[in-house]
Amino acid sequence: MGEALLEQMVSEESYTLSRLCEEVSGVINRVRVAFDLNPMWDAADRAEIRAAEHAVDLEARRLQRGEGDPAAWRQALDTYEAVWMSALEELQRSGQRTPCG
């Protein structure tokens, strides 16, 4: 029963749990590629990144309950990616790199 509930359609746009995970994974993969040898852990604890992660989680839960807005979900993902990219730019400006970089 639990698995079926997680996979149920939550909107007309078919936001299943697997689709939500795929979309988040796409953002995470783009961020990882962009960071390359830059240390992601230096940015991971930033308040703005934690807030963006929370927003993504919140919007995903809303969509799962059938209460979400696909535009709000997309905005949360876009913001999450933008916040990470901004952190990368700051790290690059400051010259922080991994020992291999």
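The values are calculated or read from the model by the stated rules, or taken from the named source; none is laboratory data. The structure presented is a predicted model; accordingly, all values stated were derived computationally and were not measured. Because the Cβ atoms are built from the backbone with ideal geometry, glycine has one as well, and the counts that use them run over all protein chains shown.
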In this structure, does ALA76 turn out to be hydrophobic (A, V, I, L, M, F, W, C), under 23 Å from SER94 (Cβ atoms) and assigned to a helix (DSSP H, G or I)? no
When ASP45 is run through (1) in contact (Cβ under 8 Å) with a residue 12 or more places away in the chain; (2) more than 22 Å from TYR15 (Cβ to Cβ), the failure sits at (1)
When segment 27-49 is checked residue by residue, the ones that are assigned to a helix (DSSP H, G or I) and farther than 14 Å from MET85 by Cα are ALA47
Can you pull out every residue in segment 34-56 that is of a type in the set (A, V, I, L, M, F, W, C) and modelled with pLDDT of 95 or more? ALA47, ILE49, ALA51, ALA52, ALA55, VAL56
Based on what the data block shows, is GLU59 closer than 13 Å to TRP84 by Cβ, surrounded by 14 or more Cβ atoms within 10 Å (Cβ to Cβ) and of a type in the set (Asp, Glu)? no
Residue check, TRP84 part of a helix (DSSP H, G or I) and closer than 13 Å to TYR15 by Cβ: no
Quick check on segment 15-33: of everything there that is among the hydroxyl-bearing types (Ser, Thr, Tyr) and surrounded by 12 or more Cβ atoms within 10 Å (Cβ to Cβ), which residue is modelled with the highest pLDDT? THR16
